[in-house]
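Enquirer: This structure is in structure tokens; I'll ask about it shortly.
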Amino acid sequence: MRPILRNKYYLYLTEFFAGMAVMAVELGASRLLAPYFSSSQIVWTIIIGTIMIAMALGNIYGGRTADKDPNPDRLYSRMIIASVWIAAIPVLGKYIILGISGLIIFTVNNNYLIIAAFAACMIIFVFPLFLLGTVTPSLVKYTVDSLEDNGKTVGYLNAFNTIGSIIGTFVPTFISIPAVGTAVTFLIFSGILLVLALIYFFSGGGWKPFKKRIIIGVLLFAVCIAAGNSNSFAFWQKDLTYEGESIYNYLQVYEDDRQVVLSTNVLFGVQSVYKKEKGLTGMYYDYAMAAPYMAGLKEKDSLDILILGMGTGTYATQCRRYFDNVELEGVEIDRKITDLAGEYFELPEDIPVTTYDGRAFLNAIDTSYDVIMVDAYQDITIPFQMSTIEFFSLVKDHLKEDGVMVVNMNMRGSAEGNINQYLSDTISRVFGGVYTVDVAGSTNRELFASNDPAVISRMEAGVAAETDPELKQMMERVERGLTEYMPGGYLMTDDSAPVELLGMKVIDELIREEVAYYKDLYHEGGLQAVIDAL
């Protein structure tokens with residue numbers, strides 16, 4: 001036995017850093033998958049589940065091999081392999097995810113994101129965490145000298161593993177990922193494992209029999225450092241204006257001659273679009289401008305508007321551009337998005353934006369508003385706490401008597417029991433009048449809700465008095481498409497709001513429609529026809 005193994009503190013450190021690496025990889029996995037599959041509770045469940053599978057299998061294998069061949073060289077050799085594999089995740093992970101997505105999208109019709117995320121986790125993360133799962137049972141074998149103190153020794157090992165896991169939870173979230181990104185975070189923690197293994201092999205001499213595996217491990221790690229320190233998730237796009245990460249999101253800004261776009265997901269949709277021509281665009285935020293008319297825009301000297309989910313401020317910018325009697329403020333949980341709004345999307349500096357959760361903000365204030373715009377999305381899902389009857393009741397409490405809530409509902413589905421039906425039915429439990437209009441050429445739907453029965457007549461009068469011909473035409477289009485919503489029996493509460501599952505169903509529907517086109521291309525012109533279309 002090497003002399004270093006007589007020092008139990010080194011073994012405790014091994015346990016500590018192994019626990020830290022496991023949690024760091026778990027958090028890194030969520031950030032690696034989020035730009036492609038979202039960071040919903042479903043994706044988190046898949047990550048946690050697959051990691052627990054890996055750790056359980058590693059515990060079993062580690063215990064059996066430690067009993068059969070109690071040679072620490074085997075454990076620290078596995079740590080070298082785990083280190084190199086984790087370092088390779090930033091290099092190869094994105095390509096594996098896209099390869100799996102491309103394969104599954106043509107072979108399944110339902111639960112696309114769930115299946116693709118699970119397959120990606122199994123291929124990318126299970127093996128290195130399986131190897132790290134062998135650490136604890138192996139170290140127990142090497143540290144337990146007698147039955148007199150085995151309980152204390154095992155307790156210390158588990159304690160060091162747990163403390164390492166705690167630190168490995170906080171450091172990536174609050175320090176390494178915001179500071180240097182997901183890719184470098186993987187490299188940092190894989191490097192710690194590699195150093196730990198090298199210390200073992202170089203301690204007390206006798207490293208030459210392992211020279212080959214050490215050299216290969218170090219060289220492969222160096223290659224991963226050179227090739228894997230890029231934070232680009234959309235690696236196929238070479239003309240991005242900005243790409244980075246915040247505590248909450250992957251962030252991507254790209255632009256052309258006509259528009260600037262923000263996306264937090266590289267595969268599905270965009271979160272914000274700003275048109276450079278600075279006019280009406282026919283997009284959802286133009287439709288939502290009907291809400292101020294419903295709230296008495298033409299009758300009041302000043303209209304107070306609150307935007308929950310400010311994003312890059314396109315709705316606020318349009319309202320400021322066309323209405324001279326509105327006071328605007330916004331709430332956005334991601335400070336980095338607010339910074340991007342000022343830098344790339346021309347959000348006026350005098351519009352205050354509070355960095356906070358929308359629901360928590362309403363709980364903290366007693367102000368009333370004429371219009372509250374709800375446009376909060378987390379990746380491609382809706383924050384569940386802003387989709388329930390309790391939340392919409394809170395919104396109602398912060399509206400004036402003739403106030404109007406407008407909700408931007410993306411992912412318009414056609415199947416019975418889709419997410420928009422749940423949202424609309426839930427809102428109808430709170431507001432007496434609910435009206436919807438579909439945004440032409442998109443999957444968005446705008447919902448207007450109020451307890452004032454005069455909102456429609458007030459809008460008609462306001463639009464009739466509008467002097468801007470382009471804006472008047474836009475509002476008349478909204479009027480023609482406006483439909484009173486007839487509620488059903490669906491309801492979402494703080495106790496039960498399955499927004500992720502409902503959203504996934506709509507995404508499945510959208511994917512089926514999109515893939516049908518490429519499947520037809522494949523049947524007509526083969527793989528080359530699909531490649532040309534992409």
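Enquirer: Which numbered condition trips up Val154, out of (1) surrounded by fewer than 19 Cβ atoms within 10 Å (Cβ to Cβ); (2) part of a helix (DSSP H, G or I); (3) touching a residue at least 60 places away in the same chain (Cβ under 8 Å)?
Expert: Going through (1) surrounded by fewer than 19 Cβ atoms within 10 Å (Cβ to Cβ); (2) part of a helix (DSSP H, G or I); (3) touching a residue at least 60 places away in the same chain (Cβ under 8 Å) one by one, Val154 breaks only (3).
Enquirer: Here's something else I'd like to know. For Ser424, indicate whether it is without any contact (Cβ under 8 Å) to a residue 12 or more places away in the chain, outside any strand (DSSP E or B) and hydroxyl-bearing (Ser, Thr, Tyr). Please lay out each step first, then the result.
Expert: Working: without any contact (Cβ under 8 Å) to a residue 12 or more places away in the chain: no; outside any strand (DSSP E or B): yes; hydroxyl-bearing (Ser, Thr, Tyr): yes.
Judged against the criteria, Ser424 is not a match.
Enquirer: Does Ser424 satisfy being within 25 Å of the chain's Cα centre (by Cα), at pLDDT below 85 and either over 15 Å from Thr381 (Cα atoms) or not acidic (Asp, Glu) (or both)?
Expert: No, not satisfied.
Enquirer: I'd like the full set of residues that are of a type in the set (Ser, Thr, Tyr) and at pLDDT below 90, limited to segment 161-175. Give the steps one after another, and end with the answer.
Expert: Here is the first cut: in segment 161-175, the ones of a type in the set (Ser, Thr, Tyr) are 162, 165, 169, 173.
Within segment 161-175, just Thr173 meets the criteria.
Enquirer: Ok, one more. Since Leu187 meets every condition but one in (1) farther than 29 Å from Lys336 by Cα; (2) modelled with pLDDT of 90 or more, which condition does it not meet?
Expert: Of (1) farther than 29 Å from Lys336 by Cα; (2) modelled with pLDDT of 90 or more, only one is false for Leu187: (1).
Enquirer: Taking Ala360 and the conditions (1) touching a Leu at 6+ places or on another chain (Cβ under 8 Å); (2) more than 25 Å from Val455 (Cβ to Cβ), which numbered condition does it fall short on, given that it satisfies the others?
Expert: (1)
Enquirer: For segment 220-253, name all the residues that are modelled with pLDDT of 80 or more, part of a loop (DSSP other than H, G, I, E, B) and in contact with a helix residue (DSSP H, G or I) (Cβ under 6 Å, 6 or more places away or on another chain).
Expert: Ser246, Ile247, listed by residue number.
Yes/no per residue for (1) of a type outside the set (A, V, I, L, M, F, W, C); (2) farther than 20 Å from Phe384 by Cα; (3) more than 21 Å from the chain's Cα centre (by Cα):
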{"position": "Gly311", "(1), (2), (3)": "yes, no, no"}
{"position": "Cys319", "(1), (2), (3)": "no, yes, yes"}
{"position": "Asp324", "(1), (2), (3)": "yes, yes, yes"}
{"position": "Leu328", "(1), (2), (3)": "no, yes, yes"}
{"position": "Tyr344", "(1), (2), (3)": "yes, yes, yes"}
{"position": "Glu349", "(1), (2), (3)": "yes, yes, yes"}
{"position": "Thr355", "(1), (2), (3)": "yes, no, no"}
{"position": "Arg359", "(1), (2), (3)": "yes, no, no"}
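Enquirer: When residues of segment 165-205 are filtered for being closer than 17 Å to Met79 by Cβ and among the small types (Gly, Ala, Ser), how many remain?
Expert: Going residue by residue through segment 165-205, those that are closer than 17 Å to Met79 by Cβ are 165, 168, 186-203.
Of the ones still in play, those that are also among the small types (Gly, Ala, Ser) are 165, 168, 190-191, 197, 203.
Total meeting the criteria: 6.
Enquirer: Of all residues in segment 362-392, which are assigned to a helix (DSSP H, G or I) and either among the acidic types (Asp, Glu) or out of contact with any Ser or Thr (no Cβ under 6 Å at 6 or more places or on another chain) (or both)? Walk me through it before giving the result.
Expert: First pass over segment 362-392, keeping only residues assigned to a helix (DSSP H, G or I): 362-364, 384-386, 389-392.
Listed by number, the residues that qualify are Leu362, Asn363, Ala364, Phe384, Gln385, Met386, Glu390, Phe391, Phe392.
Here's the yes/no breakdown for (1) surrounded by fewer than 22 Cβ atoms within 10 Å (Cβ to Cβ); (2) in contact with a strand residue (DSSP E or B) (Cβ under 6 Å, 6 or more places away or on another chain); (3) under 28 Å from Ala497 (Cα atoms); (4) among the hydroxyl-bearing types (Ser, Thr, Tyr):
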site	(1), (2), (3), (4)
Asp286	no, no, no, no
Gly311	no, yes, yes, no
Gln318	no, no, no, no
Tyr356	yes, yes, yes, yes
Asn363	yes, no, yes, no
Ala376	no, yes, yes, no
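Enquirer: Could you tell me whether segment 337-354 includes any residue that is under 20 Å from Glu243 (Cα atoms), in a loop (DSSP other than H, G, I, E, B) and of a type in the set (Val, Ile, Thr)? Before you say what the answer is, go through the steps one by one.
Expert: Here is the first cut: in segment 337-354, the residues under 20 Å from Glu243 (Cα atoms) are 337-347.
Then keep just the ones that are in a loop (DSSP other than H, G, I, E, B); that gives 345-347.
Now drop any that are not of a type in the set (Val, Ile, Thr), which leaves none.
Looking through segment 337-354, none of the residues is under 20 Å from Glu243 (Cα atoms), in a loop (DSSP other than H, G, I, E, B) and of a type in the set (Val, Ile, Thr).
Enquirer: Still on this model: Mind listing whichever residues of segment 427-457 are part of a strand (DSSP E or B), over 31 Å from the mean Cα position of the chain (by Cα) and surrounded by 21 or more Cβ atoms within 10 Å (Cβ to Cβ)?
Expert: Ser450
Enquirer: Being of a type in the set (Val, Ile, Thr), crowded, with 21+ Cβ neighbours inside 10 Å and in contact with a helix residue (DSSP H, G or I) (Cβ under 7 Å, 6 or more places away or on another chain) narrows it down to one residue among Ile47, Ile96, Ile104; which is it? Show your work before the answer.
Expert: On the way: Ile96 fails: crowded, with 21+ Cβ neighbours inside 10 Å; Ile104 fails: crowded, with 21+ Cβ neighbours inside 10 Å.
Among Ile47, Ile96, Ile104, only Ile47 is of a type in the set (Val, Ile, Thr), crowded, with 21+ Cβ neighbours inside 10 Å and in contact with a helix residue (DSSP H, G or I) (Cβ under 7 Å, 6 or more places away or on another chain).
Enquirer: May I pose another question? Which pairs do you get when a residue that is surrounded by fewer than 24 Cβ atoms within 10 Å (Cβ to Cβ), found in segment 24-35, comes within reach of a residue that is of a type in the set (A, V, I, L, M) and assigned to a helix (DSSP H, G or I), reach meaning Cβ atoms under 8 angstrom, with the pair 6+ apart or on two chains?
Expert: Final answer for the pair search is Glu26/Ile47; Glu26/Ile48; Glu26/Ile51; Leu27/Ile177; Ser30/Val43; Ser30/Ile47; Arg31/Ile177.
Enquirer: For Asp402, state whether it is assigned by TED's automatic domain parsing to the domain that holds Ser450 and in a strand (DSSP E or B). So that I can check it myself, show each step before the final result.
Expert: Details: assigned by TED's automatic domain parsing to the domain that holds Ser450: yes; in a strand (DSSP E or B): yes.
Against the criterion (assigned by TED's automatic domain parsing to the domain that holds Ser450 and in a strand (DSSP E or B)), Asp402 qualifies.
Enquirer: Scan segment 482-515 residue by residue and report those that are more than 26 Å from Glu390 (Cβ to Cβ), surrounded by fewer than 16 Cβ atoms within 10 Å (Cβ to Cβ) and in the same structural domain as Pro453 (by TED's automatic domain parsing).
Expert: Across segment 482-515, the qualifying residue is only Thr483.
Enquirer: Which members of segment 36-73 meet the condition of being among the acidic types (Asp, Glu) and either free of Cβ contacts under 8 Å to residues at least 40 places away in the same chain or on the phi > 0 side of the Ramachandran plot (or both)? Walk me through it before giving the result.
Expert: Filtering segment 36-73 down to residues among the acidic types (Asp, Glu) leaves 67, 69, 73.
Listed by number, the list holds a single entry, Asp69.
Enquirer: Does Val108 satisfy being assigned by TED's automatic domain parsing to the domain that holds Gly28 and at pLDDT 95 or above? Before you say what the answer is, go through the steps one by one.
Expert: Values: assigned by TED's automatic domain parsing to the domain that holds Gly28: yes; at pLDDT 95 or above: no.
It is false that Val108 is assigned by TED's automatic domain parsing to the domain that holds Gly28 and at pLDDT 95 or above.
The values are calculated or read from the model by the stated rules, or taken from the named source; none is laboratory data. What you are looking at is a predicted structure, and each value in this text was computed from that prediction instead of being measured. Here the Cβ is made from the backbone with ideal geometry for all residues, glycine too, and neighbour counts use every protein chain on show.
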